[in-house]
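First up is the structure itself, then whatever we jot down about it.
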Amino acid sequence: LTIDLDIVLYDAVLYLAWENTEINFRILTGSHQKAMAEIEKAIETNPKNQDILATASYYYFMNNESPEKMLKWLDMALALGEERWVYHQKVDVLERLNKYSEARNTAQAAISFLTKTKPVEWKNSVNNYEARMKNWPLSD
């Protein structure tokens, strides 16, 4: 008898096999749907919390969810104050959407912010943005 469990996105598939027979069934966790609902609730309750907005956007980015919502949340977060991670996320989203002009403008704003504030390893971040921008077409 062989028992195997594969993680598939937010759920799992359990396999049982013996001799020439195999059966499998999907185990639905509902974790993604629950996370999405919790994110919506958290933003509705705390629309001026930069950490919640940025974390929600990151979850959406990692799960290929609504880029429109991500950009809205990131803009809301940046309106509350400049933040290195928020800039980074916004550039990532815009790059994924092939919106290179906006990504370039955001990267330049991030470089300006980093140059002004000089956080830990800021030069590496600036070099990263500059290298990325060199690979982008000049127009979308």
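The values are calculated or read from the model by the stated rules, or taken from the named source; none is laboratory data. These numbers were taken from a predicted model, which means no experiment stands behind them. With ideal geometry, Cβ positions are generated from the backbone for all residues, glycine too; neighbour counts draw on all protein chains shown. All accessible areas refer to the heavy atoms of the entire protein, side chains included, with ligands and DNA or RNA removed. Shrake-Rupley method; radii C 1.70, N 1.55, O 1.52, S 1.80 Å.
Pairs linking a residue in the range 23-38 that is closer than 10 Å to residue 10 by Cβ to a residue that is at pLDDT below 95 and loosely packed, with under 11 Cβ neighbours inside 10 Å, with Cβ atoms under 9 Å and 6 or more positions apart or on different chains, are 32/9.
The number of residues in the range 63-84 that are part of a helix (DSSP H, G or I) and either hydroxyl-bearing (Ser, Thr, Tyr) or under 24 Å from residue 120 (Cβ atoms) (or both) comes to 5. Quick one: in the range 57-97, of everything that is touching a residue at least 40 places away in the same chain (Cβ under 8 Å) and among the charged types (D, E, K, R), which residue is nearest to residue 8 (Cα to Cα)? Checked the range 57-97; the qualifying residue nearest to residue 8 (Cα to Cα) is 95.
Results for (1) closer than 23 Å to residue 56 by Cβ; (2) open to solvent by less than 90 Å² (accessible area, probe 1.4 Å), shown as yes or no for each residue.
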site: 99; (1), (2): yes, yes
site: 103; (1), (2): yes, yes
site: 108; (1), (2): no, no
site: 113; (1), (2): yes, yes
site: 118; (1), (2): no, no
site: 125; (1), (2): yes, yes
site: 133; (1), (2): no, yes
site: 136; (1), (2): no, yes
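Residue by residue, here is whether (1) under 19 Å from residue 105 (Cα atoms); (2) open to solvent by 80 Å² or more (accessible area, probe 1.4 Å); (3) in contact with a strand residue (DSSP E or B) (Cβ under 7 Å, 6 or more places away or on another chain); (4) not small (Gly, Ala, Ser) holds:
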{"site": "38", "(1), (2), (3), (4)": "no, yes, no, yes"}
{"site": "47", "(1), (2), (3), (4)": "no, no, no, yes"}
{"site": "59", "(1), (2), (3), (4)": "no, no, no, yes"}
{"site": "64", "(1), (2), (3), (4)": "no, yes, no, yes"}
{"site": "74", "(1), (2), (3), (4)": "yes, no, no, yes"}
{"site": "81", "(1), (2), (3), (4)": "yes, no, no, no"}
{"site": "85", "(1), (2), (3), (4)": "yes, yes, no, yes"}
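For the criterion of being in a helix (DSSP H, G or I), touching a residue at least 24 places away in the same chain (Cβ under 8 Å) and within 15 Å of the chain's Cα centre (by Cα), residue 54 passes.
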